[in-house]
1. Kindly rank 13-25, 68-80, 45-57 from highest to lowest mean number of other beta carbons found within 10 Å of each residue.
2. How big is the charge dipole of the chain about its Cα centre, in debye rounded to the nearest 20, if each Lys and Arg gets +1 on its Cβ and each Asp and Glu gets -1 on its Cβ?
3. Once every DSSP H run of n ≥ 4 in the chain is given -39500 (n - 2.57) and the sum is divided by its residues, what mean residue ellipticity at 222 nm do you get, rounded to the nearest 500 deg cm²/dmol?
4. Apply the Kirkwood formula to the stretch 3-97: the hydrodynamic radius equals the inverse of the mean of 1/r over all pairs of different alpha-carbon atoms; give it in Å with one decimal.
5. Straight-line reach from Lys71: which lysines have Cα under 28 Å away, leaving out those fewer than 8 places along the same chain?
Amino acid sequence: MITIGLLHSTIRGDEKLILEAAKKRNVLVELIDIRRSIYSEAQPTQRVDVALERSVSTVKGLYAAHYYESKNIPVVNSTAVATICEDKFLTSLALAKA
């Protein structure tokens with residue numbers, strides 16, 4: 001069974017919908033509160049198959065995504081995507097190419 005790590009800072013309506021959909025499909029979701037997470041080589045990583053970055057904080061979400069990507073865990077809302085989306089200029093350039 002696949003395990004999704006839901007990287008969050010608060011559980012909002014969207015996250016509740018994600019949890020409901022995962023439950024209906026028998027997908028295991030590990031809630032990972034990034035406000036309480038420590039990202040260092042000394043700390044063991046929660047083992048998940050994929051991480052879904054849903055933090056309210058752009059900076060903390062970006063750090064969490066970098067950490068999981070460094071552990072070769074695929075991240076939805078990756079650092080590449082988050083970097084573009086948080087910057088209006090980079091977003092405009094990306095949209096102009098589309």
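1. 45-57, 68-80, 13-25
2. Around 220 debye, computed over the chain.
3. Roughly -13000 deg cm²/dmol at 222 nm, from the helical runs in the chain.
4. Result for the stretch 3-97, one decimal place: 14.0 Å.
5. Partners within reach: Lys16, Lys23, Lys60.
Coordinate-derived values only; no laboratory data. Just so it is clear, the structure is predicted and the values come from calculations on it, not from any experiment. Glycine also receives a Cβ, built like all others from the backbone with ideal geometry; neighbour counts cover every protein chain displayed.
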